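Everything on this sheet refers to the single structure shown next.
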Amino acid sequence: MRDPFEILGLSPGASDEQVKNAYRELARRYSDAGSMPDPARMREIDTAYDEIILGRTGNGGTSYSEPTYTYTVPNDLGDIRAKIKSGKFDDAETLLDGVPVSNRTAEWYYLKGTVQHRKGWLEEAARNFEQATRLDPSNPEYRQAYSNIKSDRSGGYRTEKSTGGRSGCSGCDICSGLLCADCCCECMGGDLIRCC
Amino acid sequence: MFGYVKIYKPELKVKDYEAYQGVYCSLCKRIGKDYGQLARLTLNYDFTLLALARLAFAEECCGFKNSRCSFNPTKKCQQCINGEKELSFVAAAAMVMVYYKLCDDINDSSFFKGLLKRFLRPFFSLKRKKARRLFPEVDEIIGKAMSEQDKVEKRSDAGVDASAHPSATAMGKLLSYGFEGETAANLERIGYLAGRCVYLMDAYDDIYDDKKTSSYNVFNNIGKNEKETEEYAEGVLNVTAAELARELEGMKPARFGEILENIVYDGMYNTMKQIKKERCK
């Protein structure tokens, strides 16, 4: 493989900021959503970027796995989805920010919302999910994401408090237990509950 | 800033309440040992929560033993066993946080109003230096957060997320410090969301006070009228608390799980209710 710095068009002493900017510029050109899509070249650029950044920071807090570039996905943002799936949220955001404003589809807003949601920027995420549903109202994925945040706003999470360990006997349990006992009894020739 | 993340006592089991108090008392003794008796007056429930959350996920078993309060020898209290590392860390964080908060308050108030705080500053500067010797990263984390917070609040276009980001990030780093791998990543997110809750709750409480004094408030200029602003603020808090609850569900704390649940599900809701009640008076 060529020198990763050469692939990104940088000198070996380039700072993290310069590396990220160069990556963003190249992604703007060669990624699936860019002006001159070139999957093979994009793969090379991705590998170079990973090598430089991983080599500097070791293993960051995010969980890394082998990058899966699902170019079989028909939508343009497949490589960004792959990054999100493998936990590389920072890289996904870098790629997303590289897409020019005029090219931003409903899916772009959904993925941007997903990344921001993960970061903890919940209001921006809600705004992006809303925009995604506005641009593509028929998509269930975007609708689900938006409606989840909307329902959280009313404080509904409190009713979902887990009651683990407090498994008592409710009225339903007693009634269905008796019905089962009655059926078994009748199978044996008896009759526990005469009216059933 | 302080005292917004608390337990809701009525829904807490007695054993859990005693454990919570035990952590508070242990932290008090720890601050006294490391930083002197006067420093103990700075203890509050926010730091207790940080200590509790760290102890909940620490590997070593933390039990309690009976002891007596140093301030009031007639009062019994519980002391943590095996929690020294975590308590020391939180004590250091407390000293650094108090120092930076003092500096911030002095900058924001006039000479006379800030006079008492100016007297206290040299004392806490010494404590902060000691804390920095023991845990240099703590000073870095909190110092950076305070300066970033200051920068963000000077911008006129910062949204809710950007405004809460520095404090939230600091809390995330303080909670996850010393842990590794996936636990660290999850704790960082929990800390982030908890820090975000504290920041937003503080802003929610001060919406009208800050308007009067023309101080920065993240909910300023949102909504056409007071009711809309309040509703929006409550919505943001609910969304954050819901996400925090979800994140907590995914973790399996080794201990104090029910106390943490109480804080997230009942404590936050109760704090919001209290703020609203005070406002209507």
Give the lysines whose C-alpha is closer than 17 Å to that of B:LYS15, dropping any in the same chain fewer than 8 places away, or say none. B:LYS6, B:LYS65, B:LYS76
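Which order do you get for A:TRP121, A:TRP108 if you rank them by accessible area with a 1.4 Å probe, largest at the top? If you can, show how the numbers build up before the last one.
Working: A:TRP121 45, A:TRP108 10 Å².
Sorted descending by solvent-accessible area, the residues read A:TRP121, A:TRP108.
State which helices in chain B qualify, where a helix is a whole DSSP H run, it must extend 27 Å or more along its own axis by its Cα atoms, and its mean Kyte-Doolittle hydropathy must be at least -0.5.
On the way: long enough: B:14-35 (31 Å, -0.61); B:84-108 (36 Å, 0.35); B:115-134 (30 Å, -0.57); B:136-154 (28 Å, -0.94); B:181-205 (36 Å, -0.02); B:226-250 (37 Å, -0.66).
Helices meeting the criterion: B:84-108, B:181-205.
At a 10 angstrom cut-off on C-beta neighbours, averaged per residue, how do the peptides A:16-23, B:231-238 rank from highest to lowest?
Values: A:16-23: 16.1, B:231-238: 20.0.
Peptide ranking by packing, descending: B:231-238, A:16-23.
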Whole-Å distance, taken between Cα centres, linking region B:226-280 and region B:78-140: 27
Which of the peptides A:83-94, B:44-55 is most tightly packed, and how do the rest follow, going by the mean number of other Cβ atoms within 10 Å of each residue? B:44-55, A:83-94
Enumerate the amide H contacts of B:CYS77 below 5 Å, restricted to partners 5 or more residues apart or on another chain; note that Pro and chain-start residues carry no placed amide H. B:SER67, B:ARG68, B:CYS69
Principal axis box of the protein assembly as shown, alpha-carbon based, largest edge first, Å: 90, 77, 50
How big is the accessible area of A:ARG127 in square angstrom, nearest 10, if you roll a 1.4 angstrom probe over the protein chains? 120
Debye-sum result for region B:167-281 in log10 I(q)/I(0), which assumes one identical scatterer on each alpha carbon, at q = 0.16, 0.22 Å⁻¹: -0.78, -1.21
What average count of beta carbons from other chains do you get within 10 Å of the Cβ of residues in B:243-250? 3
Once amide hydrogens are built 1.01 Å from N within the peptide plane, the residues lying 5 or more places from B:GLY63 or on another chain with amide H under 5 Å from its amide H are B:ILE81
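Relative contact order for region B:1-118 using alpha-carbon pairs under 8 Å, separation at least 6, rounded to a whole percent?
On the way: 120 pairs, mean separation 31.6, N = 118.
So the answer I get is 27 percent.
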Might you tell me the accessible area per residue for the protein assembly as shown, computed with a 1.4 Å probe and given in Å²? 52
Over chain B, what is the relative contact order in percent, taking alpha-carbon pairs closer than 8 angstrom and at least six residues apart? 22
Sort largest first and round to whole Å: the equivalent ellipsoid semi-axes of region B:37-126, each the square root of five times a Cα gyration tensor eigenvalue. 31, 17, 9
Which entries of A:LYS88/B:LYS127; B:LYS151/B:LYS211; A:LYS83/B:LYS224 have Cα-Cα distances beyond 29 Å here? A:LYS88/B:LYS127; A:LYS83/B:LYS224
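Rank by packing, highest mean first: peptides B:259-269, B:103-113, B:28-38, B:187-197, with packing defined as the count of other Cβ atoms within 10 Å averaged across residues.
Values: B:259-269: 23.3, B:103-113: 12.0, B:28-38: 18.4, B:187-197: 25.3.
Top of the packing list down: B:187-197, B:259-269, B:28-38, B:103-113.
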Here the whole-number average of other chain Cβ atoms within 10 Å per Cβ of B:181-191 is 2
So the pair-distance distribution of chain B, from every Cα-Cα distance in 10 Å bins, comes to percents of 6, 28, 35, 24, 6, 0
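Using a 10 Å cut-off around each Cβ of peptide B:262-275, what is the average number of partner chain Cβ atoms that fall inside? Please report the intermediate quantities before stating the final value.
Numbers: counts 1, 0, 3, 6, 2, 0, 2, 3, 0, 0, 1, 0, 0, 0.
Across B:262-275, the average partner-chain Cβ count within 10 Å equals 1.
Nearest 100 Å² is fine: how much accessible area is buried between A and B, summed over both sides, with a 1.4 Å probe? Please list the in-between numbers first.
On the way: alone 12190 and 14940 Å², together 24970 Å².
Approximately 2200 Å², summed over both chains.
How much of the accessible area of the protein assembly as shown, probe 1.4 Å, is carbon plus sulfur, in whole percent? Don't skip to the end; give the middle numbers.
Working: 13350 of 24970 Å².
That share works out to 53 percent.
The values are calculated or read from the model by the stated rules, or taken from the named source; none is laboratory data. Being a predicted model, the structure only gives us computed values, none of them experimental. Note that we place each Cβ from the backbone using ideal geometry, even for glycine, and neighbour counts take in every protein chain shown. Note: accessible area is taken over every heavy atom of the protein model, side chains too, but ligands, DNA and RNA are not part of it. Shrake-Rupley method; radii C 1.70, N 1.55, O 1.52, S 1.80 Å.
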